[in-house]
1. Arrange the peptides 160-170, 36-46, 189-199 so that the one whose residues have, on average, the most other Cβ atoms within 10 Å appears first.
2. Pairs Lys34/Lys140; Lys136/Lys181; Lys34/Lys137; Lys29/Lys117; Lys117/Lys137; Lys22/Lys140: which exceed 22 Å Cα-Cα?
3. Based solely on its DSSP helices, what 222 nm [θ] is calculated for the chain when runs of n ≥ 4 H residues each add -39,500 (n - 2.57) and the sum is averaged over all residues, nearest 500 deg cm²/dmol?
4. Give me the percent relative contact order of region 147-247, please, defined on Cα pairs under 8 angstrom at least 6 residues apart.
5. Between the helical axis of 47-56 and the dominant principal axis of the chain, each derived from Cα atoms, what acute angle in degrees is found, rounded to the nearest 10?
6. Please give the helix 75-85 orientation as an angle from the longest Cα principal axis of the chain, in degrees from 0 to 90, rounded to the nearest 10.
7. Cβ under 12 Å from Asp45's Cβ, Asp45 left aside: what net charge do those residues give with Lys, Arg +1 and Asp, Glu -1?
8. Straight-line reach from Lys52: which aspartates and glutamates fall under 19 Å, measuring Cα to Cα and dropping same-chain residues less than 8 apart?
Amino acid sequence: MFNGGIVINIFLCEDDKNQRQKFNRIIKKIAKEKNIILDVKISTDNPNDIIKHLQDNETVGVYFLDVDLNKDINGIELASKIREYDSIGVVIFITAHLEMSYLTFLYKVEAMDYIYKGDINTLEKRMEECILKAKKKFDKEKNKESISIKVYDKIINIDYDEILFFETSHNMHKIILHGAKRQIEFYGKLKDMEKELSEDFYRCHKSFIVNKNYIKEIDTKEKLIHLKNGERCLIASKLVSKLIKEII
């Protein structure tokens, strides 16, 4: 989803051609002054151009949207559609209609900013602040540790901090990933997973690998690990003392 360098995809939707050209000039200036790559994917007066792009491409972007687009949908409704395809992207409204800012909360689009386009100095400064903040967000997302697993014909990426533990399945050659919100069964071996995972994970039993960050309590008598969500893992007797040292 994210490229190796600092590449930020920009989308502009503004019905006034002169305003669009001005926003493009500001973006080029920010890119040059801050030495970052800003790739303007779409600059348009038609909100459907952005929707179609998102339908056809897996994209994370920064979206500068006017509110009153004089089309069948307004900028806030467009932002709501964008969120269906890009939950990570950053939405910024640039508009003359400050009185409509409350609608961003009603539509729950999680806008980063709502900028008044009438003041050019404030406009440039706020656009730059938003782009730099978006860059920081995307860098953090890119550097998140995650694992890719194949489930039937799909590849699923899951962040380490969403994984509680792995256990061997009753189904031959399969593993069950226990996540914070879901369980996923897939083909694999724990010994292979152990090599791939970070130091946050510990092979506590022949049938379990646990995320140490989710351990609530270790029952040394019953040889059980109690996790923060109430689930439990087995732990081998010979590994109890070593695990305790690692989490203390």
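1. Result, highest mean Cβ count within 10 Å first: 160-170, 36-46, 189-199.
2. Lys136/Lys181; Lys117/Lys137; Lys22/Lys140
3. -10000 deg cm²/dmol
4. 18 percent
5. 30 degrees
6. Result, in degrees: 30.
7. -3
8. Reachable aspartates and glutamates: Glu14, Asp15, Asp39, Asp66, Asp72, Glu77, Glu84, Asp86.
Bear in mind that the values in this text are calculations on the coordinates, not laboratory data. These figures come from a predicted structure and were not determined experimentally. So basically every Cβ, Gly included, is an ideal-geometry build from the backbone, and we count neighbours across all protein chains shown.
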